[in-house]
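A.B. asks: So that we are looking at the same thing, I have put the structure below in structure tokens.
The values are calculated or read from the model by the stated rules, or taken from the named source; none is laboratory data. Because the structure is a prediction, the values reported are computed rather than measured. A quick note on method: Cβ atoms are made from the backbone with ideal geometry, for glycine too, and the neighbour counts reach across all protein chains shown. Just the protein is used for accessible areas: all its heavy atoms, side chains included, with ligands, DNA and RNA removed. Shrake-Rupley method; radii C 1.70, N 1.55, O 1.52, S 1.80 Å.
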Amino acid sequence: QVQLVESGGGLVQPGGSLRLSCAASGSFYSFVVMGWYRQAPGKQRELVARIFSSGSTNFADSVKGRFTISRDNAKTTVYLQMSSLKPEDTAVYYCYGDRGPNRSWGQGTQVTVSA
């Protein structure tokens with residue numbers, strides 16, 4: 001059973017930065033793609049960023065230029081560096097990882113951007 005454990009959420013002022021981490025445990029196999037979704041109250045879950053095992057990345061238009069995504073050499077941990085945060089970035093952020101047709105989810109971590 002693969003587990004994804006997130007950390008790094010919290011309260012930050014507008015314009016500030018946070019780094020989210022997502023560590024995979026329970027398996028020695030690499031994820032083909034890992035990334036982050038977020039869900040704000042009353043809104044649908046949306047893809048924020050993802051990174052493939054090749055290193056290629058995709059970002060939502062709303063975070064381009066402000067967020068970066070990376071993964072460690074073992075390819076079992078993914079990081080989301082968030083900068084120039086805005087109140088509209090407030091949401092629960094969920095890490096995910098895909099191995100073929102199987103998707104694993106983290107438990108979610110709250111990010112609140114407020115003065």
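A.B. asks: Beyond 22 Å, what share of the Cα-Cα pairs of region 18-91 remains, rounded to the nearest whole percent?
C.D. replies: Beyond 22 Å sits 23 percent of the P(r) for region 18-91.
A.B. asks: Take the eigenvalues of the Cα gyration tensor for region 69-115, scale each by 5, and report the square roots as semi-axes in whole Å, largest first. Intermediate values should be presented prior to the final figure.
C.D. replies: Details: eigenvalues 122, 38, 11 Å².
Largest first, region 69-115 gives 25, 14, 7 Å.
A.B. asks: Top to bottom by accessible area (1.4 Å), largest first, where do Trp36, Trp105 land?
C.D. replies: In descending accessible area the options line up as Trp105, Trp36.
A.B. asks: Next question, about the same structure. Which one of Trp105, Ile51, Cys95 has its Cα pushed farthest toward the positive end of the charge dipole of the chain, where Lys and Arg give +1 and Asp and Glu give -1 at the Cβ?
C.D. replies: Result: Ile51.
A.B. asks: Moving on. At a 1.4 Å probe, what is the % contribution of carbon and sulfur to the accessible area of region 1-102?
C.D. replies: Numbers: 2680 of 5440 Å².
Taking all protein chains in place, region 1-102 shows 49 percent carbon and sulfur surface.
A.B. asks: Could you work out which residue, out of Ala49, Ala74, Ala24, moves most in a Gaussian network model of the chain, that is, has the largest mean-square fluctuation with Cα springs under 10 Å?
C.D. replies: Result: Ala74 has the largest fluctuation of those listed.
A.B. asks: Please compute the per residue accessible area over the chain with all protein chains in place, 1.4 Å probe, rounded to a whole number of Å².
C.D. replies: Heavy-atom accessible area per residue stands at 53 Å².
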